[in-house]
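What follows is a single structure, written as structure tokens, with notes after it.
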Amino acid sequence: MKFVDEYRDPQLAERLVTTLHETVTRPWTVMEVCGGQTHTLVRSGIDRMIPETFTLVHGPGCPVCVTPLEMIDRALEIAARPEVTFCSFGDMLRVPGTARDLLRVRADGGDVRVVYSPLDAVTLAEKYPDREVVFFAVGFETTAPATALAVSHARRRGLSNFSMLVSHVLVRPAMEMILAAPQNRVQGFLAAGHVCTVMGYEGYHDLAAKYRVPIVVTGFEPVDLLDGLLMLAKQLEAGRNDVENQYARSVSREGNRHAQAAIAEVYEICDRPWRGLGVLPMSGLRLRPAYYDMDAERRFPSAAPASIEPAECRSGEVLVGLLRPDQCEAFGTRCTPEHPLGAPMVSSEGACAAYWKYGRLPSAQTSEPG
Amino acid sequence: MNLPLFCPIPISDPERIQLAHGEGARLTRRLIREELLAAFSNPFLAPLADAATLPDLGGRLVMTTDSSVVSPLFFPGGDIGSLAIHGAINDLAVSGAEPMYLSVALILEEGLPMETLRRVIRSMKDAAQACGVSIVTGDTKVVPHGEADQLFICTTGIGRLRPGADLGAHRVRPGDRILVSGTLGDHGLAILGSREGLEFGDQLCSDSAPLHHLIAVLLSSGANVRFMRDATRGGVAAVLHELVEQSGLTARLYETALPVSPAARGACELLGLDPLHIANEGKLVAVVAEESADAAVAILQSHPLGIHAAVIGEATSALPPQVLITNPFGQLRVIDEPSGAPLPRIC
């Protein structure tokens, strides 16, 4: 398959692994920011192919995972209203709220639907004028242009029965929070290629300079990731802290201006709570005042008490790379995909889900015996 | 309180299913005679008795039952009617039986267009005929509008166990090879595509097909077949998890050996799905003794339903009992049991 197979070429991967082993002379700890990258790393076994002293820690780039419990509970409350048709990306359905999840709301009679595009929700609103159609807008800068377009479309079509529950977050403030933390171990970043496709990477230069960390914008296929890790290793070994672009086939320095304009038209930057991390200043997007009428939080005021995140779920530590999923005492015992304590176990980009799906191998059997 | 008196005029649209079609009276008899008996006609069904009396089948009997609730009713490569027949046939065939007789129970939603029902009946008739089995008894019920989604079918099948057939996880030994009869994931992806309006190109069709002939050829070839399943809901992964649980062995697969069509692969890439987890409706998973494996693959490949047959892995005792796969980079990973179907009502 074109644009896929060439980035999964075992021979090329092997050459990159060999070069990486030759390049790395000291212990380093680097973080891949995006949950999609985490899944490729664990699925392809790259984490077991690279030098032992080259430590990978998994970052906060799983939008479903970082959506705080209070927002999940708001979603569940709105989705349960009889007049509401609640639309979401499929990932969100099994994320546990305080008492239940969206699948349970649906089983209890709520009209909860999985859509593949926010525009599908707008179409539903047009088709069912008697229903209140609410879209759960989660994600980083990658999904924000599409949700912004949905709002613009709904406005242009004069739909009064469409609204969005907005929980968008921004990658850069999370990276900075990790670097600024006193217990930080991260010495270099693989930046999330898709976020940079939209936003470009100019914004990373000051981060790299301020915290003296190299940042390599990286794609999502095994060869991309090995290439990105090698670029990072070369910088670390040489004592450089530049911003480099491994994912040039998709990412340009300035990013996608049209997508950025779509975001800016509809959203403004705000403080936002992250699961396990608390409120990060200027780390989220909310609707601009001109679109308040489409803000589901305003349209459906909450009657529920404040949500309290379960103490047993250590997703906050997992999301900033302080804890590996399989180091959590609840992993695989009290926390499984069937009975998750937190979102990282059930989101398709969650680090805990990646370890559950691909990583549960006894250490002696990580590669082919004999 | 005075209520106005009125007598509702019965609306009877002859081209739609009405509750009366299920009430056992004139309309029921007409439905059975004109639609079902006419299509399925055979000497066992003809008396329209409460049960079919079958001849002595001369051997051990194998029986299976299956319900079909797929949505949409018609999809690329098949429909609920043929799917219901193939499902029962395949369950019998992988158990080592020759399928012989079927029963069909229909649950119809009030308001179902008669033409839809006729299309489904025609499809069942054609499928049963093509498989050489007779539909010997049946039942029809109608539920009020909204209490079922158009049409559900329950099929029960009876077959005769092939002499000497001994299949099961208990027979699987370390070193045995794991085979599939063709490309994986086509049915589930075709349903997903047609339900969600996703365009994957024309190539994505359900693989719904009866496997009894393919299996007969394989079994009569003398290949040492130990275990067979048709990989429906949960895909090949679900079958292998069952095998691992029952045999205590490990199923080790090779990612590069999995037959997946380009269209299915593209769809899986796009949607983040694993072809091993996706339902098939015409694919056999067989475990065959090591020395029989090459011959078994050749036999399967010589049959129109097995062109893409391949050895995809082996049973081994060298690892803890799990389903494992070696990826193209030589790394092992666990294939999890599918948890929470990616899509309900696929069959």
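The values are calculated or read from the model by the stated rules, or taken from the named source; none is laboratory data. Source: prediction; values computed, not measured. Methodologically, a virtual Cβ is constructed for each residue, glycine included, from the backbone with ideal geometry; neighbour enumeration extends over all protein chains shown.
Any residue in region A:336-359 that is away from chain B (no Cβ under 14 Å) and out of contact with any Ser or Thr (no Cβ under 9 Å at 6 or more places or on another chain)? Full working, then the answer.
Narrowing region A:336-359 to residues away from chain B (no Cβ under 14 Å): A:341-344, A:351.
Retained after the next criterion (residues that are out of contact with any Ser or Thr (no Cβ under 9 Å at 6 or more places or on another chain)): none.
Among the residues of region A:336-359, not one is away from chain B (no Cβ under 14 Å) and out of contact with any Ser or Thr (no Cβ under 9 Å at 6 or more places or on another chain), which makes the answer no.
What do you reckon, is A:V105 touching a strand residue (DSSP E or B) at 6+ places or on another chain (Cβ under 7 Å) and either within 14 Å of chain B (Cβ to nearest Cβ) or at pLDDT 90 or above (or both)? Break it down into steps so the answer makes sense when it comes.
Working: touching a strand residue (DSSP E or B) at 6+ places or on another chain (Cβ under 7 Å): yes; either within 14 Å of chain B (Cβ to nearest Cβ) or at pLDDT 90 or above (or both): yes.
For A:V105, the condition - touching a strand residue (DSSP E or B) at 6+ places or on another chain (Cβ under 7 Å) and either within 14 Å of chain B (Cβ to nearest Cβ) or at pLDDT 90 or above (or both) - is met.
Checking the structure you have, find out if any residue of region A:308-321 is within 13 Å of chain B (Cβ to nearest Cβ), under 17 Å from the mean Cα position of the chain (by Cα) and free of Cβ contacts under 8 Å to residues at least 60 places away in the same chain. Talk me through it step by step, then tell me what you get.
From region A:308-321, those within 13 Å of chain B (Cβ to nearest Cβ) are none; that's our starting set.
Among the residues of region A:308-321, not one is within 13 Å of chain B (Cβ to nearest Cβ), under 17 Å from the mean Cα position of the chain (by Cα) and free of Cβ contacts under 8 Å to residues at least 60 places away in the same chain, which makes the answer no.
Check A:T29 against each of (1) among the β-branched types (V, I, T); (2) touching a helix residue (DSSP H, G or I) at 6+ places or on another chain (Cβ under 7 Å); (3) modelled with pLDDT of 95 or more and name the one condition it does not meet.
Going through (1) among the β-branched types (V, I, T); (2) touching a helix residue (DSSP H, G or I) at 6+ places or on another chain (Cβ under 7 Å); (3) modelled with pLDDT of 95 or more one by one, A:T29 breaks only (2).
Inside region A:298-320, can you point out the residues that are surrounded by 15 or more Cβ atoms within 10 Å (Cβ to Cβ) and touching a helix residue (DSSP H, G or I) at 6+ places or on another chain (Cβ under 7 Å)?
Listed by number, the residues that qualify are A:F300, A:S307, A:E309, A:S315, A:V318, A:L319, A:V320.
Considering only region A:250-295, state which residues are modelled with pLDDT of 95 or more and part of a loop (DSSP other than H, G, I, E, B).
Passing the criteria: A:S250, A:V251, A:S252, A:R253, A:E254, A:G255, A:N256, A:R288.
Can you confirm whether B:A39 is at pLDDT below 95, farther than 21 Å from B:I346 by Cβ and not in a helix (DSSP H, G or I)? Before the answer, list the steps.
Values: at pLDDT below 95: yes; farther than 21 Å from B:I346 by Cβ: yes; not in a helix (DSSP H, G or I): no.
No, not satisfied.
Kindly indicate the residue of region A:16-38 that is within 12 Å of another protein chain (Cβ to nearest Cβ) and out of contact with any Cys (no Cβ under 9 Å at 6 or more places or on another chain) and also surrounded by the fewest Cβ atoms within 10 Å (Cβ to Cβ) among those meeting that condition. Step through it out loud before you land on a result.
Our first condition is that a residue be within 12 Å of another protein chain (Cβ to nearest Cβ); within region A:16-38, this holds for A:16-17, A:35-36.
Next cut, out of contact with any Cys (no Cβ under 9 Å at 6 or more places or on another chain) only: A:16-17.
Numbers: A:L16: 22, A:V17: 18.
Taking the candidates together, the pick is A:V17.
Looking at region B:246-267 only, could you name the residues that are over 21 Å from the mean Cα position of the chain (by Cα) and closer than 19 Å to B:I346 by Cα?
Residues satisfying the conditions are B:A263, B:R265, B:A267.
Having 2 or more residues that are touching a Lys or Arg at 6+ places or on another chain (Cβ under 9 Å) and among the β-branched types (V, I, T) is the bar; report the strands (runs of 3 or more DSSP E) wholly within region B:239-323 that clear it.
Numbers: elements: B:250-254, B:284-288, B:310-316.
Result: B:284-288, B:310-316.
Just to confirm my filter: which helices (runs of 4 or more DSSP H) fall fully inside region A:104-182 and include at least 2 residues that are in contact (Cβ under 8 Å) with a residue 24 or more places away in the chain and farther than 17 Å from A:V266 by Cβ?
On the way: elements: A:118-127, A:144-156, A:171-180.
Helices (runs of 4 or more DSSP H) meeting the threshold: A:118-127, A:171-180.
If you scan region A:257-292, which residues turn out to be touching a residue at least 60 places away in the same chain (Cβ under 8 Å) and charged (D, E, K, R)?
Of everything in region A:257-292, those that are touching a residue at least 60 places away in the same chain (Cβ under 8 Å) and charged (D, E, K, R) turn out to be A:E265, A:R272, A:R275, A:R286.
One line per residue, one yes/no per condition, for (1) among the charged types (D, E, K, R); (2) assigned to a loop (DSSP other than H, G, I, E, B); (3) at negative phi:
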site	(1), (2), (3)
A:A303	no, yes, yes
A:E309	yes, yes, yes
A:V318	no, no, yes
A:L322	no, yes, yes
A:P337	no, yes, yes
A:L341	no, yes, yes
A:S348	no, yes, yes
A:C352	no, no, yes
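Would you be able to tell me the number of residues in region A:51-90 that are surrounded by 23 or more Cβ atoms within 10 Å (Cβ to Cβ), out of contact with any Cys (no Cβ under 6 Å at 6 or more places or on another chain) and closer than 30 Å to B:L332 by Cα?
Total satisfying the criteria: 8.
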